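The next block holds one structure in the form of structure tokens; read it before the comments.
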Amino acid sequence: MKKLAKIYEYFIYVLPAVLFFSYFPIIAIGSNESMNFELSLPLIWLVLFDVLAAVLLFAKIKFGKKYPGITDRKFFAFSWLPLFATASIFWSLNPTRGILTAGILWLVFFAIFALIFLTKYFVEDFNKEKLIKSFLISSCVICVWCFVQCILDVLNVGRDATLLCRGCTVQSFGFPHPNGFSIEPQFMGNLLLAPTLYMLYEFIKKRNLKNTLLLGLFAATLFLTFSRGAIYAFAAATVFMLIFEIIKQKKATPLKSLMVLIVAFLFTLNLQGIFAAVSRTNDTYLSGVNKVVSQLSLGIIDFHVTSNEMPENESTSPETSDYDGYVTESTEIRLMLSKAAGKIWQENKAVTIRGVGLGGAGMALYNHGDTGSTKEIVQNEYFSILLELGLIGFAFFLIACVLIVRAFKNNPARILFYALFIAYGVTLCFFAGLPNALQIYLSPALLVLIMSEQEPKKLKK
């Protein structure tokens, strides 16, 4: 069992890196009319980790020991949501998708329980320093890769090598925005929320060169993804953290972190302008910068800077990028799907109360005539929960949120967890789904391991 416990420990150390590979590499198993069947590294990790934890649990656990924070008994109050979600499969419009989603829900539930409560049973003297190193080093490597992706795309290297998504290349805005090893930039930006907020928390506590550089790198890469959902979420969490710390410290010292974030944003903004100027499109530095500002401000700020005019009848003339600024379609589609989900939810009392069943949102939208494919889903997790699980499921979701807030009220690092909770809460307005966003559920559990009981050990120089 000691060998199994050691393997379990190493599984925790590699989790920060594994989470970044949410789409590449991918194992395609097949598909049906409503979904694709695929396996990613995080999903494989999740299954193997839970099997390891289950074997160790049945072999070694002696119940009764208490831990700081929420107790084992209180933790299981979170099970009401997955329990009801699982029960809803019986009336789901897409039971196949519902069964698979429920399976992942329970795997995530047990993994979080194992990480927070069982690790101290299984691993004596768990090495937090190794976990911190893994968390930060893997984040740094992925950030560097994101910049490399952009440079390769500007140099006209193909997507087979860069792994950029179809809409991530210079063809869209004149400059690339990286997706790392995830399916889209919004998921890459989401993956960076935990390390960036962690470093912001560390920087506020101690302003040194290491914390400054890491905060700057993580924030700059997050801005580089050009994901409005991730950037807005980070901004909301940052404002919350700074206000909390200013009130706590009764001085404005925490505002010094804004200098690092502003420099990171300006660096990325200028880099995107340079990418636009040297790319194969007819964009200029100013048009690239304008597109960033316009998109992030939802078109409110637009300097109306145009790209260079293309010469007529010139075969070697540069390409024209697809978008001139704020892309209204991306917002309109999300709003349309959310409104459609809300309308379906209201039309039938049974659906209002219990929903169309787990995994059934795509089918409900298609049957209602709102989409042209059963694979289309509600791109807003809150409306998705409301449509699939109704008022009952949404009530269990709200209870889970309250339990999370209460769980960390006595934690010395509660400001970090609350900020992360706010950030993820904002991002859920921009997408729905589970397999591509496991970091939302597993990253906080990792940070609990890092921050529990004592402040994390300082990395050796």
Practice prompt. Using +1 at the Cβ of each Lys and Arg and -1 at the Cβ of each Asp and Glu in the chain, identify which of ASN270, LEU442, PHE383 lies farthest towards the dipole's positive end.
Written response: LEU442
Item to complete: For the chain, report the accessible area per residue in Å² (1.4 Å probe, heavy atoms, rounded to an integer).
Response: 46 Å²
Worksheet entry | Computed P(r) (all Cα pairs; the stretch 363-415; 10 Å bins; percent) | 22, 33, 23, 14, 7, 0
Practice prompt. Compute the relative contact order of the chain as a whole-number percentage, counting only Cα pairs closer than 8 Å that sit 6 or more residues apart in sequence.
Written response: 21 percent
Worksheet item: When the Cα centres of the stretch 1-40 and the stretch 149-193 are compared, how far apart do they sit, in Å?
Response: 22 Å
Practice prompt. Would you mind telling me the share, in percent, of accessible area of the chain contributed by carbon and sulfur at probe 1.4 angstrom?
Written response: 65 percent
Practice prompt. Could I get the Rg over Rh figure for the stretch 133-176? Both from C-alpha atoms, Rh via Kirkwood, rounded to two places.
Written response: 1.07
Item to complete: Would you mind getting me the FRET efficiency between GLU38 and LYS133? Use the beta-carbon distance for r and R0 = 41 Å, nearest 0.05.
Response: 0.85
Worksheet item: Which cysteines does the chain leave without a neighbouring Cys Cβ under 4.7 Å?
Response: CYS140, CYS143, CYS146, CYS150, CYS401, CYS429
Practice prompt. Among [x] 36, 30, 21; [y] 50, 29, 20; [z] 31, 26, 24, find the value of semi-axes √(5λ) of the Cα gyration tensor in Å that was calculated from the structure presented, and write down its label.
Written response: [x]
Worksheet item: Going highest first, how would you order 178-187, 376-385 by mean Cβ packing within 10 Å?
Response: 178-187, 376-385
Worksheet item: How many angstrom lie between the C-alpha centres of the stretch 364-388 and the stretch 208-228?
Response: 34 Å
Worksheet entry | Sequence-separation-based contact order of the stretch 185-251, relative, with Cα cut under 8 Å and 6+ spacing, percent | 44 percent
Worksheet item: Which Cα, out of ILE12, ILE99, ASN36, lies furthest along the positive dipole direction of the chain (beta carbon charges, K/R +1, D/E -1)?
Response: ILE12
Worksheet item: Taking square-rooted eigenvalues a ≥ b ≥ c of the alpha carbon gyration tensor, is the stretch 85-189 rounded, prolate or oblate, where a/c under 1.5 means rounded and, failing that, a/b exceeding b/c means prolate?
Response: oblate
Worksheet entry | Filter on LYS206/LYS250; LYS206/LYS409; LYS130/LYS409; LYS205/LYS256 - keep pairs with C-alpha separation over 19 Å | LYS206/LYS409; LYS130/LYS409
Worksheet item: What is the dipole size for the stretch 91-241, taken about its Cα centre, with +1 at each Lys and Arg Cβ and -1 at each Asp and Glu Cβ, in debye to the nearest 20?
Response: 280 debye
Worksheet item: Extension gain LEU48-ALA87, at 0.36 nm per residue separation less the Cα-Cα distance, in nm?
Response: 11.5 nm
Practice prompt. Note down the nm distance, to one decimal, between modelled labels 7 Å out along Cα→Cβ at ASP125 and at ASN348.
Written response: 6.0 nm
Item to complete: In debye, nearest 20, what is the charge dipole magnitude of the chain about its Cα centre with +1 on Lys and Arg Cβ and -1 on Asp and Glu Cβ, if you could check?
Response: 2920 debye
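The values are calculated or read from the model by the stated rules, or taken from the named source; none is laboratory data. Please read all numbers here as calculations on a predicted model, not as lab measurements. Heads up, the Cβs are rebuilt from the backbone with ideal geometry, glycines too, and the neighbour counts pull from every protein chain shown. Quick note on the areas: whole protein, heavy atoms, side chains included, nothing else; ligands and nucleic acids left out. Shrake-Rupley method; radii C 1.70, N 1.55, O 1.52, S 1.80 Å.
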